Amino acid sequence: MPHLELGLPAAALDADRTRPELTDSDLQTVAAQLGRPPRGLVAVAARCVCGAPLVVVTKPLLEDGTPFPTVFYLTQPAAISAVGRLESTGLMARFNADLAEDQGLREAYLEAHRDYLAQRAQLGSPPQLDGVSAGGMPRRVKCLHVLVAHSLARGPGVNPLGDLVLAALVPDWRPDQCQCEHYEPPVKAAPGPANGRRQDSAEQPAAAGPRPEVSTGGDRPAERVV
């Protein structure tokens, strides 16, 4: 597996829970989170405080040759649902208006786009994705899930709009509190494209089901790969 230079210095994290490698348990959890077997996964970019995958790293070119631009993919159902609720409030339109008016924001968003491309280039550079990042970067916003996943994977200060979305999610969702379900293995089904559905399109992963039990994970931030 390629080594990814992602996130914060190791000293800033809980060394016992900084685990970028994918385990069999991680793969089973991600399959349960998405409701189908995932494809193209190479690492865990961020974990919930309970240790479950929160953001995974996906190959830019799948085994069948399909290009997949979304290298950082949000998998936790509670987070996906919370971000979807924000999207329904018109936040993307407000961000696009802000980008049109704020040169400083445009420049910072362009740097986020460049960072995304640099991270993905460590996994390969398929010509179909040349200059294409995800989520609408660098000119517009078309998927908040992509921006949130980027911020969770890379830490604060990399994607300005992803950071703003994370702040807007509180108290509905926050990375220092666990909202994971007791994931059940999905019904066996043919793998969908990459992680099921693209988070850089209008489609989103399967919505979270009911959460009869919600655990709390203390006040530690979600881990990021180093």
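Read-outs throughout are calculated quantities, based only on the coordinates presented, and are distinct from any laboratory measurement. If you're wondering where the values come from, they're calculated on a predicted model, not measured in any experiment. With ideal geometry, Cβ positions are generated from the backbone for all residues, glycine too; neighbour counts draw on all protein chains shown.
Taking the condition of being crowded, with 16+ Cβ neighbours inside 10 Å and touching a Pro at 6+ places or on another chain (Cβ under 6 Å), how many residues in the stretch 115-151 meet it?
7
In the list Val55, Val44, Val30, Val49, which residue meets the criterion of being of a type outside the set (Gly, Ala, Ser), buried (at least 22 other Cβ atoms within 10 Å of the Cβ) and in a helix (DSSP H, G or I)?
On the way: Val55 fails: in a helix (DSSP H, G or I); Val44 fails: in a helix (DSSP H, G or I); Val49 fails: in a helix (DSSP H, G or I).
Residue meeting the stated conditions: Val30.
Kindly indicate the residue of the stretch 58-83 that is assigned to a strand (DSSP E or B) and aliphatic (A, V, I, L, M) and also nearest to the chain's Cα centre (by Cα) among those meeting that condition.
Let us first name the residues in the stretch 58-83 that are assigned to a strand (DSSP E or B), namely 58, 61, 67, 72-74.
Still in the list and also aliphatic (A, V, I, L, M): 61, 74.
Details: Leu61: 17, Leu74: 3 Å.
Filtering the stretch 58-83 for residues that are assigned to a strand (DSSP E or B) and aliphatic (A, V, I, L, M), the one nearest to the chain's Cα centre (by Cα) comes out as Leu74.
Is it fair to say Ala93 is without any contact (Cβ under 8 Å) to a residue 24 or more places away in the chain and closer than 18 Å to Gly162 by Cβ?
Working: without any contact (Cβ under 8 Å) to a residue 24 or more places away in the chain: yes; closer than 18 Å to Gly162 by Cβ: yes.
The answer is yes for Ala93.
Taking the conditions exactly as written (touching a Lys or Arg at 6+ places or on another chain (Cβ under 7 Å) and not aliphatic (A, V, I, L, M)), does Gly157 satisfy them or not?
Taking the combined requirement at face value, the residue does not satisfy it.
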